[in-house]
Amino acid sequence: MAKFGKWIGGGLGFTVGGPIGALLGFAIGSVIDKTLDSEEGNDSIKRPYQSTPNDFGASLLVLVAAVMKADGKVLKSELEFVRRFFNKQFGSERTKQHMLVLRELLKKDIPLQEVCLQIKTYTMYPARLQLMHLLFGIAAVDNHVHQSELRVIQEIASNLSIRHADFNSIKAMFVKEVDGDYKILEIEKTATNDEVKKAYRKMAVKYHPDKVSHMGEEYKESAKQKFQKMKDAYDNIKKQRGMK
């Protein structure tokens, strides 16, 4: 049987969801083609899978594929991390779809510049910061962020117009660095105690979970983790300096 599913899916995907929709549509079509080849029904793909230009979950799925592909290997621990995250966010049935589509996306080249332009157009800055945190979390699931993964995340950050200080702050939460606690608070080690306190108050506002409350409980939970890492950095500095 001729395999038209991926081409039809890709065309329709672009219509409803820009380059992200095109990628997802092509991947979904590939899943459909495989289902037809096996002559078996697939409950995980029966419900329509559609994306819109501002679909944060779809954006995350495509960027996750780009990061997971970066080091040339896909770890089972990475797939399980993604599965658990999407299961909490979208439920088990939707997650089955996401994982089928992700496996197809992992076989494709991701046009990061076009994908990131779409994301930047339709998402607010706090949501883009949250994307960075989630991508680092996936890269670090094996307790090591590979240099190739870091390069891809840096490219994504640049295309999403993430400020350099913000990128370094989130990076320091996952990659051990000299003076990492100070980098998380976006200050130098030479900062005065008053400047440390001021930086903490500023970061507490920036990373407060309420900033992404509109995105759903699982995203808010991830934001709480980011907030806690920022607070831990502040507590470490206070302890080192004997601050009250």
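Key figures
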{"item": "Formal net charge of residues neighbouring R83 (Cβ-Cβ distance under 12 Å; K, R +1; D, E -1)", "result": "+4"}
{"item": "Using a Förster distance of 30 Å, the FRET efficiency for T190-Q228 (Cβ separation, nearest 0.05)", "result": "0.70"}
{"item": "Label-point gap, in nm, between K238 and D210 - each point 7 angstrom along Cα→Cβ", "result": "2.1 nm"}
{"item": "30 Å Cα-Cα threshold exceeded, pairs from K120/K239; K176/K211; K69/K171; K69/K239; K197/K220", "result": "K120/K239; K69/K239"}
{"item": "Inter-label distance for K88 and H146, nm, one decimal - labels placed 7 Å from Cα along Cα-to-Cβ", "result": "2.5 nm"}
{"item": "Packing-based exposure ordering (other Cβ within 10 Å, fewest first) of S59, S77, S222", "result": "S77, S222, S59"}
{"item": "Anisotropy class of region 169-244 from Cα gyration tensor, a/c 1.5 cut", "result": "prolate"}
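Values quoted throughout were computed directly from the atomic coordinates according to the rules given, and no laboratory measurement underlies them. Just so it is clear, the model here is predicted, and its values are computed rather than measured. With ideal geometry, Cβ positions are generated from the backbone for all residues, glycine too; neighbour counts draw on all protein chains shown.
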